[in-house]
Each structure stands twice: as structure tokens, then as C-alpha cells.
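The values are calculated or read from the model by the stated rules, or taken from the named source; none is laboratory data. Since the structure is predicted, the reported quantities are computational estimates derived from the model, not experimental observations. So basically every Cβ, Gly included, is an ideal-geometry build from the backbone, and we count neighbours across all protein chains shown. The accessibility values were calculated without ligands, DNA or RNA, using every heavy atom of the protein model including side chains. Shrake-Rupley method; radii C 1.70, N 1.55, O 1.52, S 1.80 Å.
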Amino acid sequence: MILYGRDLSPYVRRVAIWCALQGREIERRPLAATDPEESKEIAKVHPGTRVPALVLDDGTVLVDSWAICDWLDEEAGDRRLVPASGLARRECLRRIGLATATAEKAVAMVYEKNRRPEALHWADWQARVAGQVRGALGALEAIAPADGFFGGAAPDGSDIATVCAYQFVEATNPWLLDPGFPRLAALAGRAMQIDAVAQTRP
Ligand SMILES: N[C@@H](CCC(=O)N[C@@H](CS)C(=O)NCC(=O)O)C(=O)O
């Protein structure tokens, strides 16, 4: 399998870690969708020119981290990272939803603040997006465990999504983490003890 995209993307990183935790060997194409030349390579597999895209061994291309991780889990047997059914599944998906909201708004902030010309910055919009990032992180902080992971002794899919989103914010707009999310910081610290997480840090 070939994974397109760089680990700076919280979605690509989520897929990369997901694969690693399930013991899957993948080839990487660390291309940026925002780079004019690299995006041409991405467009060959994903007409929407976005990452992640995962090319399966039979040539099928899966796009969007939700769809990719769902397929990975379906194929994973007892190594799935989202429980198959019931309350545990619903709670795990709810946490992934909050982490995805964080990632989406943190990526939006990068486009708005770090890419858009300064003359076109819109303070009210940035304040709104900042509130959304902090709101979603705050909801995760409120339910984050003091020890271990959301998944228990080992991380589940929601831990991966949370750490990817949290560390993306930290890497791109750390001011959004003021005044602090100590439980999430500690969760990320524990996750960093895992090779797949440490080796993909943006
Ligand atoms: N919902 C998608 C979001 C993917 C996404 O936003 N990827 C970004 C990189 S972080 C991208 O490809 N941006 C280029 C663009 O949208 O033009 C997922 O979960 O995979």
C-alpha cells in the first residue's frame, strides 16, 4: 500500500500511525497538496488533489482519513482501533469527531493565518476559528484520562486522532493552546513513547 501525504497533515499522520499500530507495512509518498509540483502527483491518484490518499495493493485508491481508517479496521481482525459495536464504538467515534473538528479548524487557521496574505486577514473569523479549536480541545480535555489512554492501556483510534490534532495545533499555531490543556498534553506525551507516534511527529 502507498500512502500519499506528509506527516504534518493530522489526517495523513493519523492513517500512518493507524497502519503502524496494526503492523502494516506501507510505502510513503510525502507530498504536499499545497505545493504546485507535488500536487500534480497527488492529482494522479486523487482527482480532488487532497491527502491522505491510500493506494491499495490492487490499485484501488481510498481517500479521506475516515474512510481509510474504516477500511483498515474492517480488514484488521482483532487489531481494530475502533470497537466494532455498542457504546464503546459510539464513544470512540464521538472522540474522533471532536478530534477531527479540532484538526479541521486548526487546518483552517493555517490557511487563514499562515497562507492568506496578511492584508486579507480577518480578525473576527480568526477569533471564531480559534474558539472552535479551543472548544473541541476543551471537550476532549474534560474527558481525557489521567493515566493511560482513552482506549485503556493502549491507544485506540480516538487517541491517535486526538494526538495528531493536538500536536498539529502545537506545531502550527501553539498560541491556540493557551491557557493549556494539561491532560491532552500528558496524553500526547505518553503517546510519544510509542515509535509510530514519535517517528511521525510534525
Ligand atoms: N476530510 C479529509 C480532510 C483532508 C485534508 O483537509 N487534507 C488537507 C491536508 S491537511 C489537504 O489535502 N489540503 C489541500 C486542499 O484541500 O486543497 C480527511 O479526513 O482526510
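Numbers at a glance
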{"item": "Computed magnitude of the charge dipole of region 8-149 (debye, nearest 20; Cβ of K, R +1, Cβ of D, E -1)", "result": "440"}
{"item": "In sequence order, calculated HN-Hα J values of region 37-52 (Karplus, 6.51, -1.76, 1.60; Hz; x Gly/Pro)", "result": "6, 4, 5, 5, 5, 5, 4, 5, 9, 10, x, x, 6, 9, 10, x"}
{"item": "Net +/- balance of residues flanking Ala108 in space, Cβ distance below 13 Å, scoring K and R +1, D and E -1", "result": "+3"}
{"item": "By accessible area with a 1.4 Å probe, ligands and nucleic acids excluded, highest first: order of Asp78, Asp58", "result": "Asp78, Asp58"}
{"item": "Once the Cα gyration tensor of the chain is diagonalised, semi-axes √(5λ) in Å", "result": "25, 24, 14"}
{"item": "Amide H partners (placed H, <5 Å) of Asp156, local residues excluded", "result": "Phe150, Gly151"}
{"item": "Estimated vicinal HN-Hα couplings, Hz - region 65-72 in sequence order (Karplus 6.51, -1.76, 1.60; Gly, Pro = x)", "result": "4, 4, 5, 5, 5, 4, 5, 4"}
{"item": "Relative contact order of region 153-202, defined on C-alpha pairs under 8 angstrom at six or more residues apart (%)", "result": "40"}
{"item": "FRET efficiency estimate (nearest 0.05) - Cβ-Cβ, Ala43 to Ala198, R0 22 angstrom", "result": "0.10"}
{"item": "Å² of accessible area per residue within the chain, as computed with a 1.4 Å probe and no ligands counted", "result": "49"}
{"item": "Accessible area (Å², 1.4 Å probe, nearest 10) - Ile194", "result": "40"}
{"item": "Heavy atoms of Cys164: accessible area, 1.4 Å probe, square angstrom to 10", "result": "0"}
{"item": "Accessible area in the full protein assembly, largest first, 1.4 Å probe, for Thr102, Thr172", "result": "Thr172, Thr102"}
{"item": "Amide H within-cut-off set for Arg28, under 5 Å, with H built and near neighbours excluded", "result": "Leu3"}
{"item": "Fluctuation leader among Pro182, Pro30, Pro117 - the chain, Gaussian network, Cα springs under 10 angstrom", "result": "Pro117"}
{"item": "GNM top mover of Arg13, Arg29, Arg115 - the chain, alpha-carbon springs below 10 Å", "result": "Arg115"}
{"item": "Estimated inter-spin distance, Leu177 and Trp71, nm [label 7 Å along Cα→Cβ]", "result": "3.3"}
{"item": "Ranking by accessible area, most exposed first, for Thr34, Thr100 with a 1.4 Å probe", "result": "Thr34, Thr100"}
{"item": "Residue-level accessible surface for Phe149, protein heavy atoms, 1.4 Å, Å²", "result": "20"}
{"item": "Projected area, mean over directions - region 86-194, Cα convex hull, nm²", "result": "6.8"}
{"item": "The chain: most fluctuating residue of Ile26, Ile68, Ile96 per GNM, C-alpha cutoff 10 Å", "result": "Ile26"}
{"item": "Rounded to whole Hz, the Karplus (6.51, -1.76, 1.60) HN-Hα couplings of region 137-144, x for glycine and proline", "result": "5, x, 5, 5, 4, 5, 10, 5"}
{"item": "Neighbour-limited loop hits for GluC sites (Glu not before Pro), region 1-69 (at most 15 other Cβ within 10 Å; DSSP other than H, G, I, E, B)", "result": "Glu25"}
{"item": "Portion, in percent, of the accessible area of region 2-79 that falls on carbon or sulfur, probe 1.4 Å", "result": "48"}
